[in-house]
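Visitor: Input: one structure, supplied below.
The values are calculated or read from the model by the stated rules, or taken from the named source; none is laboratory data. This one's a predicted model, so the numbers in the text were calculated from it and none came from an experiment. Cβ: placed from backbone, ideal geometry, glycine included. Neighbour counts: every protein chain shown.
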Amino acid sequence: MSQYLILIYDDEQAWAEAKPSDTGKMMEGHQAFQAKHQSAIVGGNALEPTATATTVRPNSDTVTDGPFAETKEALGGYYLIEAADLDAAIAIAKDVPVFTGGLEVRPIMVFN
Amino acid sequence: MRVTRDLDAAEECVQDAYAAALTTWGERGVPANTGAWLTTVARRRALDLLRREALWRRNAPLLVEDEAVASPSDPAEIPDDRLRLICTCCHPALSTDAQVALTLRLLCGLGTNEVARAFLVSESTMAARLTRAKKKIASAGIAYRVPSAAELPDRVDAVLSVLHLLFTAGHTAPSGADLVRRDLVERALQLARMLRTLVPENADVAGLLALILLTDARRASRTDASGGLVLLAEQDRSQWDRAEIAEGVGLVREALRRRPPGRFALQAAIAAVHAEAPNWHATDWSEVVALYDVLLQVWPSPVVALNRAVAVGFARGPEAGLAALAPLAAEPQLAAYAYLASARAQFLQQLGRDEEARLAFTEAIVLTENDVEREFLTRKLEALQP
């Protein structure tokens, strides 16, 4: 088994303007996802919007307001999962509810 | 392939098997089941390598699941091995370029220098691209296995896209001095035949194999003695490869039995109409238009719409053809497409609207990147000069 990080990217603007019925559906979607893939999920969290982010660059000793990269679809949450291979990880990722955006599946690096 | 546990080693074994094939077949003739023969040779070679170098100990990535080494003589195992390999090479998580490159390298046994030539890039660029692709397979955990029955149709589609790309790139080279890249066409045909033996029940595979055969059957008549382009209308049909046509037509019939028919089956059916017409004028253009109508439904694309419009011109006259082309001028995907301008030019010429035809030919000449096509269009333009 390998571990994969599923990064959830979505349009914050669209999400902020979403109807309560849509956000409710999204929450239910995540609960259903977590129930279905209970055995595969190692961890996961939703993140506060990028407006709350702070970027730190230790080499130049700077601390600035905002996310590391400004993108229309921003990182809004993640799941850490366990899967046999990439196909299995993709199959799980396809069950993650997204609003308008998409997901990035990244293998966790293994150090020997 | 599972035997080696290492894609690089697998690559060498496939190479060696092809080299052995050329020597042995030269001496004793081609065996009945060439695919099985190659896999068996590659597997034996892999076992040799394993014993000698214990390669898998060095880096055993998760390319392969743990299982006992199957007997090389088990015939049921052999098609699976190649299906496993081609589905890995054509995994949608790899870039299209990487998919084609890996397929040429591992399925066709081409050397890195030959793959580089196929892509018109330097050998070092190709070596880096192949290394990146293999690294992704290993570190992202792209499985080295036959897709499940549920996944198979999607994965075969991905393989077919790669083969189709390979074939079209060979049939009309997108750039460069030659119209046809024979090597690429041969590879596409070889792989399509292989895929056909691996998933014989798949109608799309039958359709693509038919399309390749029926298109390739015209190869001898597509260029003249000096390498110039000869249009379908002017081709010497006695030079067409009748054996390929017969095989292709049989496959088209089989592929069209599935409802709705697939995109490749329909394209092959159109090629079959041409293949069976004794000459250009006797072509059943209404049938061609009808097939394009269905194709537009299952595979809506501006290029298909363009081909349909051209067929309309032949079925109902140049005026009708121009009318069918008109709405496509606004299509952004066709804005830089030489065929739209050249089709318009030829209809305009037939209508005696020479001034407009000259403009359209000039536009097509600017847009095409194939030298043979450019020369052909230039000749047409020169013939039109007042």
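Visitor: If you check A:Tyr79 against the conditions, is it more than 14 Å from chain B (Cβ to nearest Cβ) and outside any loop (DSSP other than H, G, I, E, B)?
Guide: So A:Tyr79 passes the test.
Visitor: When you look at A:Arg57, is it within 26 Å of B:Pro92 (Cα to Cα) and either out of contact with any Gly (no Cβ under 9 Å at 6 or more places or on another chain) or aromatic (Phe, Trp, Tyr) (or both), yes or no?
Guide: Numbers: within 26 Å of B:Pro92 (Cα to Cα): no; either out of contact with any Gly (no Cβ under 9 Å at 6 or more places or on another chain) or aromatic (Phe, Trp, Tyr) (or both): yes.
Taking the combined requirement at face value, the residue does not satisfy it.
Visitor: Among the candidates A:Val110, A:Val42, single out the residue that is β-branched (Val, Ile, Thr) and either in contact with a Lys or Arg (Cβ under 6 Å, 6 or more places away or on another chain) or within 14 Å of another protein chain (Cβ to nearest Cβ) (or both).
Guide: Values: A:Val42 fails: either in contact with a Lys or Arg (Cβ under 6 Å, 6 or more places away or on another chain) or within 14 Å of another protein chain (Cβ to nearest Cβ) (or both).
On inspection, the qualifying residue turns out to be A:Val110.
Visitor: Right, another one. Just for region B:363-386: of the residues that are within 17 Å of B:Leu334 (Cβ to Cβ) and surrounded by fewer than 16 Cβ atoms within 10 Å (Cβ to Cβ), which one is modelled with the highest pLDDT?
Guide: B:Val366
Visitor: Moving on. Where residues in region A:82-97 are farther than 17 Å from B:Lys136 by Cβ and charged (D, E, K, R), which of them is farthest from the other protein chains (Cβ to nearest Cβ)?
Guide: It comes out as A:Asp95.
Visitor: Right, another one. Take the residues of region B:73-128 that are buried (at least 17 other Cβ atoms within 10 Å of the Cβ) and β-branched (Val, Ile, Thr): which is modelled with the lowest pLDDT?
Guide: This residue is B:Ile78.
Visitor: Pick from region B:351-367 the residues that are closer than 11 Å to B:Thr378 by Cα and hydrophobic (A, V, I, L, M, F, W, C): which of them is farthest from the chain's Cα centre (by Cα)?
Guide: The selected residue is B:Phe361.
Visitor: With the requirement that a residue be in contact with a helix residue (DSSP H, G or I) (Cβ under 9 Å, 6 or more places away or on another chain) and away from chain B (no Cβ under 14 Å), what does region A:1-21 give you?
Guide: A:Glu12, A:Trp15, A:Ala18
Visitor: For region B:207-239, which positions are surrounded by fewer than 20 Cβ atoms within 10 Å (Cβ to Cβ), part of a loop (DSSP other than H, G, I, E, B) and of a type in the set (A, V, I, L, M, F, W, C)?
Guide: B:Ala225, B:Val230, B:Leu231
Visitor: For region A:58-112, enumerate the residues that are of a type in the set (A, V, I, L, M), surrounded by 15 or more Cβ atoms within 10 Å (Cβ to Cβ) and under 19 Å from A:Glu48 (Cα atoms).
Guide: Passing the criteria: A:Ala74, A:Leu75, A:Leu80, A:Val96, A:Val98, A:Leu103.
Visitor: At pLDDT 85 or above and among the small types (Gly, Ala, Ser): is that true of B:Ala210 in this structure? Steps first, please.
Guide: Working: at pLDDT 85 or above: yes; among the small types (Gly, Ala, Ser): yes.
It is true that B:Ala210 is at pLDDT 85 or above and among the small types (Gly, Ala, Ser).
Visitor: Shifting gears a bit: Hey, can you tell me all the residues within region B:82-100 that are assigned to a helix (DSSP H, G or I), among the hydrophobic types (A, V, I, L, M, F, W, C) and closer than 17 Å to B:Leu195 by Cα?
Guide: Start the filter on region B:82-100 by keeping residues that are assigned to a helix (DSSP H, G or I), which leaves B:82-89, B:96-100.
From what is left, the residues that are among the hydrophobic types (A, V, I, L, M, F, W, C) are B:83, B:85-87, B:89, B:98, B:100.
The answer is B:Leu83, B:Leu85, B:Ile86, B:Cys87, B:Cys89, B:Val100.
Visitor: If you take the residues in region B:173-197 that are crowded, with 17+ Cβ neighbours inside 10 Å and at pLDDT below 85, which one is farthest from the other protein chains (Cβ to nearest Cβ)?
Guide: Top of the filtered list is B:Leu179.
Visitor: If you take just the helices (runs of 4 or more DSSP H) that sit entirely in region B:284-386, which of them hold at least 3 residues that are of a type in the set (Val, Ile, Thr)?
Guide: Values: elements: B:285-298, B:302-316, B:318-325, B:338-350, B:354-367, B:371-383.
In region B:284-386, B:285-298, B:302-316, B:354-367 are the helices (runs of 4 or more DSSP H) which contain 3 or more residues that are of a type in the set (Val, Ile, Thr).
Visitor: Still on this structure, please answer the following. Pairs only if they're at least six apart or on different chains, beta carbon under 9 angstrom, first in region B:136-165 and at positive phi and at the interface with chain A (Cβ under 9 Å from one of its Cβ atoms), second surrounded by 18 or more Cβ atoms within 10 Å (Cβ to Cβ) and not hydrophobic (A, V, I, L, M, F, W, C); list them, first residue then second.
Guide: Going by the 9 Å Cβ cut-off, the qualifying pairs are B:Gly141/A:Ser2; B:Gly141/A:Tyr4; B:Gly141/A:Asp85; B:Gly141/A:Asp87; B:Gly141/A:Pro107.
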